[in-house]
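Asker: Sharing a structure below in structure tokens format, with a few things to ask.
The values are calculated or read from the model by the stated rules, or taken from the named source; none is laboratory data. All values reported here derive from a predicted model rather than from experimental measurement. Cβ sites come from the backbone with ideal geometry, for glycine too, and all protein chains shown count toward neighbours. Protein only, heavy atoms only, side chains kept; ligands, DNA and RNA dropped before computing areas. Shrake-Rupley method; radii C 1.70, N 1.55, O 1.52, S 1.80 Å.
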Amino acid sequence: MKFIFPQNYNFNNKIFGLIDYSTAIINIVWYVFVFCLCNLFLQNLNVKIFVFIILCMPLLLFSIIGFNHENILYVFTYLLKYIQRPKIYLYEKESNYNE
């Protein structure tokens, strides 16, 4: 059985069909960083688990659900570019009617 993909079809390899590889690497780096900080500063196991889940769950959800299935690395770069140079465009609509 042969499958024909159009030339403009964007085929991305994903882990389990959910997360891009670059997003998974960013997630793992963040999880390791949070895990090390939790082990370094916190003593109680329940607090460690709670802090780890609170800091890691939003990134995981954004990675899976995403912003219109956009790679999270691109979303971070867009946010950083906007923070560096915020531009607000205000246009006044000109009407052709004389009132």
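Asker: Based on Cα coordinates alone, diagonalise the gyration tensor for the range 1-77, multiply each eigenvalue by 5, take square roots, and list the semi-axes in whole Å, largest first.
Answerer: Whole-Å semi-axes of the equivalent ellipsoid: 34, 12, 10.
Asker: Could I have the simple spin-label model distance between HIS69 and VAL51, label points 7 Å from Cα toward Cβ, reported in nm to one decimal?
Answerer: With each label placed 7 Å out from Cα toward Cβ, I get 3.8 nm.
Asker: Tell me the carbon and sulfur percent of the accessible area for the range 18-71, rounded to whole percent, probe radius 1.4 Å.
Answerer: 79
Asker: I've got another one for you. Based on the Kirkwood radius over alpha-carbon pairs, what value in µm²/s does the Stokes-Einstein equation return for the translational diffusion coefficient of the range 1-45 at 20 °C and 1.002 mPa s? Can you show the working numbers first?
Answerer: On the way: Rh = 13.8 Å.
It comes out at roughly 155 µm²/s.
Asker: Under a 1.4 angstrom probe, counting protein chains only, how are LEU80, LEU37, LEU42 ranked by accessible area, largest first?
Answerer: Largest accessible area first, the residues go LEU80, LEU37, LEU42.
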